[in-house]
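Peer 1: Have a look at this one before I ask anything.
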Amino acid sequence: MAEYPAAIATQQVDNERVCVTEWRFPPGHATGWHKHGYDYVVVPMTDGVLTLQHPDGSRTEGPIKMGQSYYRDSGVEHDVINLTAREIVFVEIEFKTPRP
């Protein structure tokens, strides 16, 4: 697996209930390999296509559209990479409290 410079993570809120992080991906940057410990919502701030590297080594493209949020359950494991020529930005909201 290729190594990429780290995307820029700016924590906006971190309390007992949620963690809100702005992620900025300059071209050629990535989150690094990680597994989500919480359910989360992503709010795209720009349009773009991110490349997702999966545990089996495969890659898929994940188009995002500004303002079109999406939800994922905890347990997702991947590296998120910007292989495009422009910066991509989204806000991630992790829910620390379990679902009822």
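The values are calculated or read from the model by the stated rules, or taken from the named source; none is laboratory data. Keep in mind it's a predicted model, so treat the numbers as computed, not measured. Glycine also receives a Cβ, built like all others from the backbone with ideal geometry; neighbour counts cover every protein chain displayed.
Peer 1: Quick one: what pairs do we get from segment 61-79, first residue closer than 14 Å to M45 by Cβ, second of a type in the set (D, E) and modelled with pLDDT under 95, C-beta under 9 Å, 6+ apart or different chains?
Peer 2: Pairs that qualify, where the first residue is closer than 14 Å to M45 by Cβ and the partner is of a type in the set (D, E) and modelled with pLDDT under 95: there are none.
Peer 1: Moving to a separate point now. Taking strands (runs of 3 or more DSSP E) that do not extend beyond segment 1-90, which have at least 1 residues that are among the hydroxyl-bearing types (S, T, Y) and on the phi < 0 side of the Ramachandran plot? Let's see the steps before the verdict.
Peer 2: Details: elements: 8-14, 18-25, 39-44, 48-53, 59-64, 70-72, 77-81.
The strands (runs of 3 or more DSSP E) meeting that bar are 8-14, 18-25, 39-44, 48-53, 59-64, 70-72.
Peer 1: Condition test on A9, is it among the hydrophobic types (A, V, I, L, M, F, W, C) and buried (at least 17 other Cβ atoms within 10 Å of the Cβ)? I'd like the intermediate steps shown before the answer.
Peer 2: Values: among the hydrophobic types (A, V, I, L, M, F, W, C): yes; buried (at least 17 other Cβ atoms within 10 Å of the Cβ): no.
So A9 does not fit the description; no.
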